[in-house]
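Asker: My questions all concern the structure below.
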Amino acid sequence: MRIADKMSESILDKISIDFLRNQVLKNAYGNDDTVIAAMDPRMLLVWYLFFGITPWFVNNIAFLIGCFILVAITTKLARVAGLVLLLFVLGVFSQTGYLLLVTLIFGGDASAIMPLLVLTLKVATVSLASVTIFSGLDPDKLANGLMWYGCPERLSFSISYAYRMLPLLMEEFQNVLLSYRLRGNPPQHDKFIGKIKYLAYQIKIIIHAFYPLMLNTAKRSRTTVEVLEIKGYRYAAVNKAVKKIKMSCMKISNNDLLFASLSFLWVSVTVLISTII
Amino acid sequence: MNVIEIERLTYSYPGADYPTLKNITVQIEKGDFLAIVGNNGCGKSTFCKTLNGLIPQFISGDFSGSVKACGLDTKENDVGVLAQKVGYVYQDFENQIVRPTVLDDASYACLNYAMADYKERGMQALKKCGLTGKENDYIWQLSGGQTHLLALAGAVSLEPEVLILDEPIAQLDPMHADRIYGVLKELNEKYGKTIIVIEHHTEYIADFCKHVMLMKDGEIQWTLPTDEALRRVDELQECNIFPPQVTIAAHRMQKNGMMSSDIKLPTTIEDGKKVFFKKSDAENIAAKPLNTDGQTVAKFEHVSVSYRSVKGEPHTVFDDLNLDIRKGDKIALIGSNGAGKSTLMKMLVGLLKPTSGDIYMNSKNVRTFKPEEMAKYISMVYQNPEDMFIKDSIGADISYSMQVRNIEESEKRTQELLERFRLTELKDRDGRLLSGGQMRRASLAIGIALNPGILLLDEPTANLDIATRKEIMRTLDDLKSVTETVIIATHDMQLVCEWADRIIVLCEGQVVYDGNRDDVFSNQAIIDKVGIRPPEIFSMGRAISPEMLCYTIDDFLRCFDGEGLTKCV
């Protein structure tokens, strides 16, 4: 019983807002010294285009497994935060994985399993490729890469600004929730009914917390808006020279070429194997 | 040469019935270090926003007259062009940082104005502001003082002629505050920048500024050299500005004949040494000894705690902390920014669990409490009152904790609290829209709604102008009789000296000292180690006679005489 208590306590502790905030920051900026983070964002975006699209159109198991292994390696290289990986596993499982499991348990044969396995592999490969790019690259690099391909400046600014604001928002949210926790009076939750009531209470509090959250954030952003004006954000958006300066800091290095050729080689090998089988 | 030339400026905000700035004509000379003083709402910030063109270009409204900054008319030139002449650092400077890393933020404006050498400019600005070596840090790794320096660097990077800072040190501990002013002084003297600060802290004005401008009700009363300005004690106090304590003390001496009225009032401790003398019969009044036999209401036993960090090892805040808090204690918790004051408070209310060790509340382990049970024993008021407002009116906020507990007469008690904190007329307003002092009072009322035995206050006087601060200090004195045990975390040494019976000094996660005010403030080693800046009047007394401990101006007048004493007292 005590172990169970401890477990539930530590799990609750882990999904605190503080933990979420930490994971978001870790995800965005905590892995800027990895191999993936040092790559050129333009090259990675092309790379992503391939691994994000091709798997949907190929049904060959060997090829899919090959791709899956590759993106699994890149995900490892990108040192993606634990929470994101957990979400990935949950996502894949809720999409197709559970079907695969159910089929296995209820004695489905290979003919039923194969298509499900293919689908699961596809989803997993595409997701991991996305995770590598969007979590391995820091938001600014990603934004610059997108801008090179002609995405509007506003989009790229929004990406990096969102990452700048997110921790603030979560901190604010946490403070408001703490106020509820200190002053509120949640229902008793020792028995089963109580637990359900407690859950409902929690959800209610989270919804209520949005009102002060929004107002507090709005109050804070008044200064930010003025500062953006002073700092020339509006001028930069229409100034071609600024874009050029921003683009000039991206360079394709040997590492990028090496990474691209290794990926290409790997894919070719898997294609070769898949034709032999 | 004048960098700012204003003629007959009148301005009212959109929809306002009366003008915020009235018929202002003023010149500011190049190379000046000017302090703007005036009570809340007199138009100081509005005035400064007209200097960089935010008014009338970005914030519209009724604008007449002309403002020229470095020869450019602010009505005809873009905010962008003006920004390269006039830099602005906001009071809520953390909202001024828009980029995730230090160098990025410092060079962001230069990049936006398409300067090819934007990185070098950013580096230069960081160097001028003393942030070299931090270029690649993320902004959330910076302390409050460093964040302020970064906001300053962002403005400096464009190499403007004029720098405006709105209350630069309101949220900082004395060490960081000294550093900010050190940087400003260098920018002023070495790089010839014109500095304009909105400032309440007259000791800093006395030490650093060349001129003082007094604003009252949207008009400029006068601009005078600092010494002369600070000597106008009555006029300043009328506008809720409090001249340096040394000046006030001398002024009072002159009034009751303890000092010749021919003497020029001193504005700094150096000046003070020449005009004050210790009375032959002066004696210290010993501070109240620590209460050692009271019942222990909270106890830390071998507590260690660490935070997760984005990268690398968790950051340890406390390691093996032991502390007893006794019934009736009035504790001030002091230490520099980041010493662990807020962490200690969060652990006491159970918002943060220690990594190891135990905390006891009335001899019961805090781990066994549910958060809602804790509320009966202990309550906390945040540094940022906005976070306390979870309802849409302060009346509802105050009654919330009582209503959810179905406490009888919660209505009546809410009424009482509103009355006690003079909020009755404001009870239907949203807390966020109140003034600084009202917000603070509302948050105190929320904090004691459940009548807790222990009350924790995080920086209750930060960010307030001196008049509001005095008012809050009165409220805190009043609280002494309502709540048995109160702990205040603060940088405000006047508050510490006048209010606390027990002072706990934190430094790098350790309790380095625990004693009454005499113990702490006469201990030079501790003062130097932690970077405490005692109230000016205290330093004044000790500068003349090291064994004297005068915490307030009244103490000082009791122990010291002035030059040219005219009447025997």
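Asker: Among bridges DSSP assigns within the protein assembly as shown, what percent are antiparallel (round to 5)?
Answerer: Rounded to the nearest five, the antiparallel share is 55 percent.
Asker: So how far apart, in nm, are the two label points at residue A:251 and residue B:25 if each is 7 Å from Cα heading toward Cβ?
Answerer: My value for the distance between the label points is 6.0 nm.
Asker: Continuing with this model, one more query. Taking the Cα-to-Cβ direction at residue A:90 and at residue A:60 and moving 7 Å from each Cα, how far apart do the two end points lie in nm?
Answerer: Taking the two extended label points, one gets 3.6 nm.
Asker: In whole percent, how big is the carbon plus sulfur part of the accessible area of the range B:20-138, probe 1.4 Å, protein atoms only? Show your work: numbers first, answer last.
Answerer: Details: 1710 of 4140 Å².
Using a 1.4 Å probe with all protein chains present, the range B:20-138 comes out at 41 percent carbon and sulfur.
Asker: Averaged across the residues of B:379-389, what count of C-beta atoms belonging to other chains lies within 10 Å of each residue's C-beta?
Answerer: Across B:379-389, the average partner-chain Cβ count within 10 Å equals 4.
Asker: Oh, and also: State to the nearest 20 debye the size of the charge dipole of the protein assembly as shown about its Cα centre, where the only charges are +1 on K and R beta carbons and -1 on D and E beta carbons.
Answerer: Rounded to the nearest 20 debye, it is 2060 debye.
Asker: While we're on this one: Would you kindly derive the ³J(HN,Hα) couplings of the range B:241-252 from the backbone phi angles with the Karplus curve 6.51 cos²θ - 1.76 cosθ + 1.60 (θ = phi - 60°), listing them in order in whole Hz, with x for Gly and Pro?
Answerer: Listing the rounded values in order: 9, 10, x, x, 4, 4, 5, 4, 4, 5, 4, 5 Hz.
Asker: Using only helices, what value at 222 nm comes out for the protein assembly as shown when you add -39,500 (n - 2.57) per DSSP H run of length 4 or more and divide by the total residues, to the nearest 500 deg cm²/dmol? Numbers along the way, then the final one.
Answerer: Details: 35 runs with 421 residues, N = 846.
Dividing the helical sum by the residues of the protein assembly as shown leaves -15500 deg cm²/dmol.
Asker: Spin-label point model (7 Å from Cα, Cβ direction): what's the residue A:114 to residue A:241 distance in nm?
Answerer: 6.4
Asker: Separate question: Calculate the tail of P(r) for chain B: the fraction of all Cα-Cα distances greater than 30 Å, expressed in %.
Answerer: 57
Asker: Further question on the same structure: Going by amide H atoms built from the backbone, whose H comes under 5 Å of the H on residue B:21, apart from near neighbours?
Answerer: B:11
Asker: If you take the beta carbon distance between residue B:365 and residue B:529 as r and set R0 to 30 Å, what does 1/(1 + (r/R0)^6) give as a FRET efficiency, to the nearest 0.05?
Answerer: So the FRET efficiency works out to roughly 0.35.
Asker: Taking chain A as a Gaussian network, Cα atoms linked when under 10 Å apart, which of A:85, A:121, A:44 shows the biggest mean-square fluctuation?
Answerer: In the Gaussian network model the winner is A:85.
Asker: How high is the relative contact order of chain A, given as a whole-number percent (alpha carbon pairs under 8 Å, six or more residues apart)?
Answerer: Dividing the mean separation by the residue count of chain A yields 29 percent.
Asker: With a 1.4 Å probe and all protein chains left in place, how much of the accessible area of the range B:516-557 comes from carbon and sulfur atoms, in whole percent?
Answerer: 48
Asker: Right, here's the next one. How are the Cα pair distances of the range B:1-139 distributed, in percent, across 5 Å bins from 0?
Answerer: It works out to 2, 9, 15, 19, 18, 15, 11, 8, 3, 0, 0, in whole percents.
Asker: If you count, for every residue in A:242-249, the Cβ atoms of partner chains within 10 Å of its Cβ, what is the mean? Could you put the intermediate results ahead of the total?
Answerer: Numbers: counts 6, 1, 2, 9, 2, 0, 1, 1.
Shielding by partners across A:242-249 averages 3.
Asker: Follow-up. Over all residues in A:231-241, what is the mean tally of Cβ atoms on other chains that come within 10 Å of each residue's Cβ?
Answerer: 6
Asker: Separate question: How big is the Rg/Rh ratio for the range A:133-224, C-alpha atoms only, Rh by Kirkwood, two decimals? Before the final figure, lay out the partial values.
Answerer: Numbers: Rg = 19.0 Å, Rh = 16.1 Å.
With Rh from the inverse mean 1/r over Cα pairs, Rg/Rh is 1.18.
Asker: Between residue B:477 and residue B:1, what length in nm is gained on full extension when 0.36 nm per residue of separation is reduced by their alpha carbon distance?
Answerer: 166.3 nm
Asker: Also: Between the range B:322-391 and the range B:35-73, how many Å separate their Cα centres?
Answerer: Result: 44 Å between the Cα centres.
Asker: Mind telling me which of A:70, A:116, A:199 comes out most flexible in a GNM of chain A, alpha-carbon contacts under 10 Å?
Answerer: Of the options given, A:199 has the highest mean-square fluctuation.
Asker: Ok, one more. Based on the alpha carbon coordinates of the range B:413-569, what radius of gyration and maximum Cα-Cα distance (Dmax) apply, in Å?
Answerer: Just the Cα atoms of the range B:413-569 yield Rg and Dmax of 18.6, 56 Å.
Asker: Apply 1/(1 + (r/R0)^6) to the Cβ-Cβ distance of residue A:206 and residue A:76, taking R0 = 30 Å, and write down the FRET efficiency to the nearest 0.05.
Answerer: 0.30
Asker: Further question: Applying 1/(1 + (r/R0)^6) with R0 = 56 Å to the Cβ-Cβ distance of residue B:91 and residue A:265, what FRET efficiency is obtained, to the nearest 0.05?
Answerer: According to the calculation, E is roughly 0.45.
Asker: In terms of modelled amide H atoms, which long-range or inter-chain residues lie less than 5 Å from the amide H of residue B:287?
Answerer: B:518
Asker: May I ask for the accessible area buried between chains A and B, both sides summed, probe 1.4 Å, to the nearest 100 Å²?
Answerer: 5700
Asker: Give the residues of the range B:381-399 whose amide nitrogen is closer than 16 Å to a point set 7 Å from the Cα of residue B:451 in the direction of its Cβ.
Answerer: Those under the cut-off are B:399.
Asker: For the range B:505-569 and the range A:121-159, compute the distance between their C-alpha centroids and round to whole Å.
Answerer: Comparing the Cα centres of the range B:505-569 and the range A:121-159, I get a distance of 59 Å.
Asker: To continue, here is another question. Roughly how many Å is it from the Cα centre of the range B:209-247 to that of the range A:173-235, as a whole number?
Answerer: 42
Asker: Along the three principal axes, how long is the range B:266-388 when you take its alpha carbons, biggest first, rounded to the nearest angstrom?
Answerer: Dimensions of the range B:266-388 along the principal axes of its Cα atoms: 59, 42, 32 Å.
Asker: Using mean Cβ contacts within 10 Å as the protection proxy, how do A:240-250, B:188-198, B:41-51 order, highest first?
Answerer: The packing order, highest mean first, is B:41-51, B:188-198, A:240-250.
Asker: In the calculated pair distance distribution of the range A:181-261, what percentage of Cα-Cα distances lie above 15 Å? Each step should come with its number before you reach the end.
Answerer: Numbers: 2499 of 3240 pairs.
In whole percent, the long-distance tail amounts to 77.
Asker: Please list, ordered by chain and number, the residues whose modelled amide H lies under 5 Å from the amide H of residue B:488; skip anything fewer than 5 residues away on the same chain.
Answerer: B:331, B:332, B:333, B:457
Asker: Where does the protein assembly as shown land on the Kirkwood hydrodynamic radius, alpha-carbon pairs, in angstrom? Numbers along the way, then the final one.
Answerer: Details: mean 1/r = 0.0329 Å⁻¹.
Answer for the protein assembly as shown: a Kirkwood hydrodynamic radius of 30.4 Å.
Asker: Okay, next question. Let me know the longest stretch in chain A that avoids all chymotrypsin sites (Phe, Trp or Tyr not before Pro) found in a DSSP loop with at most 14 other C-beta atoms within 10 Å.
Answerer: Values: sites that count: A:106, A:149.
Result, exposed sites excluded: A:150-277.
Asker: Binning at 5 Å from 0, report for the range B:26-87 what percent of all alpha-carbon pair distances ends up in each bin.
Answerer: Distribution as computed: 4, 16, 28, 25, 19, 8, 1 percent.
The values are calculated or read from the model by the stated rules, or taken from the named source; none is laboratory data. Keep in mind that this is a model prediction, so the values were computed, not measured. A quick note on method: Cβ atoms are made from the backbone with ideal geometry, for glycine too, and the neighbour counts reach across all protein chains shown. For the accessible areas, the whole protein counts, side chains as well, though only heavy atoms, and no ligand, DNA or RNA atoms are used. Shrake-Rupley method; radii C 1.70, N 1.55, O 1.52, S 1.80 Å.
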